[in-house]
1. Restricted to segment 99-134, and to residues that are out of contact with any strand residue (DSSP E or B) (no Cβ under 6 Å at 6 or more places or on another chain) and charged (D, E, K, R), which residue is nearest to Thr147 (Cα to Cα)?
2. Count, please, the residues in segment 133-154 that happen to be under 16 Å from Arg74 (Cβ atoms), in a strand (DSSP E or B) and either open to solvent by 10 Å² or more (accessible area, probe 1.4 Å) or in contact with a Pro (Cβ under 6 Å, 6 or more places away or on another chain) (or both).
3. Under 7 Å by Cβ, and 6 or more places apart or on different chains, what pairs join a residue from segment 40-52 that is touching a residue at least 24 places away in the same chain (Cβ under 8 Å) and within 13 Å of Lys25 (Cα to Cα) with one that is open to solvent by less than 30 Å² (accessible area, probe 1.4 Å) and part of a loop (DSSP other than H, G, I, E, B)?
4. When you check Ile104 against the structure, is it farther than 16 Å from Phe143 by Cβ, open to solvent by less than 20 Å² (accessible area, probe 1.4 Å) and of a type outside the set (Lys, Arg), yes or no?
5. Any residue that is at pLDDT below 85, charged (D, E, K, R) and assigned to a loop (DSSP other than H, G, I, E, B) - is there at least one of those in segment 169-191?
6. State which residue pairs qualify: first residue acidic (Asp, Glu) and inside segment 23-34, second residue modelled with pLDDT of 90 or more and not in a helix (DSSP H, G or I) in any location, beta carbons under 8 Å apart, and separation of 6 or more residues or different chains.
7. Enumerate the strands (runs of 3 or more DSSP E) found wholly within segment 1-71, keeping only those where 1 or more residues are among the β-branched types (Val, Ile, Thr) and open to solvent by less than 70 Å² (accessible area, probe 1.4 Å).
8. Identify the residue in segment 162-190 that is touching a Leu at 6+ places or on another chain (Cβ under 7 Å) and either open to solvent by 30 Å² or more (accessible area, probe 1.4 Å) or free of Cβ contacts under 8 Å to residues at least 40 places away in the same chain (or both) and, among all such residues, is nearest to Ala129 (Cα to Cα).
Amino acid sequence: MTAWVLVPVLRSWRRRFPDVELDLKEYTSADRMLDVLLAGRTDITVGPRPTRTDEHVEVLGREEIVVVASAEHRFAGLDAVPLAELATEPLVHYNPDNGFAVWIDQLAATRGVVLPQPSLRTGFPRTAAQLAAVGMGVTIVPFSALTPLPGATIRSLDPPELRDVIVIVAAPHDDLLRRFVADLRRRGLPDSRRQDPGPFGAPSDPARAMVMPGDAYPVAAYAGCAP
């Protein structure tokens with residue numbers, strides 16, 4: 001979530017606190033990020049919720065999970081896509097060690113849907129969205145994975161699905177970390193849900209699909225030499 005959430009805050013801190021060392025590590029699993037935090041190798045994690053944690057959690061907001069397909073796909077004629085509709089489609093899924101792959105499989109199980117064997121796998125939601133946009137299958141991505149996809153069909157799930165974007169802090173009483181988290185909270189999440197009617201293009205004009213640029217990679221920030 002580097003560009004989507006963190007970059008404005010990091011840019012501000014670089015200007016306001018030039019003596020603070022900022023170190024970023026990117027992961028594709030919230031559980032892996034938590035392991036790194038618990039091992040003392042990072043101070044803050046920003047991303048979706050891990051499977052479980054007893055650590056101090058701050059919720060920045062919620063982002064929508066959406067379906068992406070090509071402009072010509074039949075999903076362009078739907079206002080929203082029931083998850084069961086993906087059962088007969090070529091699916092662009094994620095590598096098994098990607099935390100979002102587990103999340104999607106759990107969502108399907110909860111809704112009683114058996115997803116097809118993936119036609120392709122990737123490690124990153126942004127790549128999955130791009131593959132789906134050019135007709136390599138359909139996929140599910142978090143809103144933060146969307147970049148401008150000319151002609152893509154982007155639809156909400158039916159019923160809509162949202163997930164928390166959170167901060168986990170190793171030392172919640174550390175003054176510097178509290179200030180960093182406060183800046184993240186003040187900024188909040190940028191546009192994080194598909195608008196109705198949205199800028200993603202109606203079925204009659206799918207080429208109008210425009211979205212906020214961003215990344216879907218959770219990031220751990222480490223202030224190793226903080227004063």
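The values are calculated or read from the model by the stated rules, or taken from the named source; none is laboratory data. Quick caveat: nothing in here was measured; it's all calculated off a predicted structure. Here the Cβ positions follow ideal geometry from the backbone for every residue, glycine too, while neighbour counts run over all protein chains shown. For accessibility, only protein heavy atoms count, side chains too; no ligands or nucleic acids. Shrake-Rupley method; radii C 1.70, N 1.55, O 1.52, S 1.80 Å.
1. Arg126
2. Result for segment 133-154: 1.
3. Note: pairs meeting the criteria are Asp43/Ala223; Thr45/Pro218; Val46/Met1; Val46/Pro218; Gly47/Met1; Gly47/Pro218.
4. It is false that Ile104 is farther than 16 Å from Phe143 by Cβ, open to solvent by less than 20 Å² (accessible area, probe 1.4 Å) and of a type outside the set (Lys, Arg).
5. Yes; the residues of segment 169-191 include at least one that is at pLDDT below 85, charged (D, E, K, R) and assigned to a loop (DSSP other than H, G, I, E, B).
6. Asp31/Pro50
7. Numbers: elements: 23-26, 44-48, 56-69.
Output list reads 44-48, 56-69.
8. From segment 162-190, those touching a Leu at 6+ places or on another chain (Cβ under 7 Å) are 165-171, 184-185, 188-189; that's our starting set.
Filter once more, so that each one left must be either open to solvent by 30 Å² or more (accessible area, probe 1.4 Å) or free of Cβ contacts under 8 Å to residues at least 40 places away in the same chain (or both): 170-171, 185, 189.
Numbers: Ala170: 33, Ala171: 36, Arg185: 28, Leu189: 20 Å.
Among those residues, the one meeting the criterion is Leu189.
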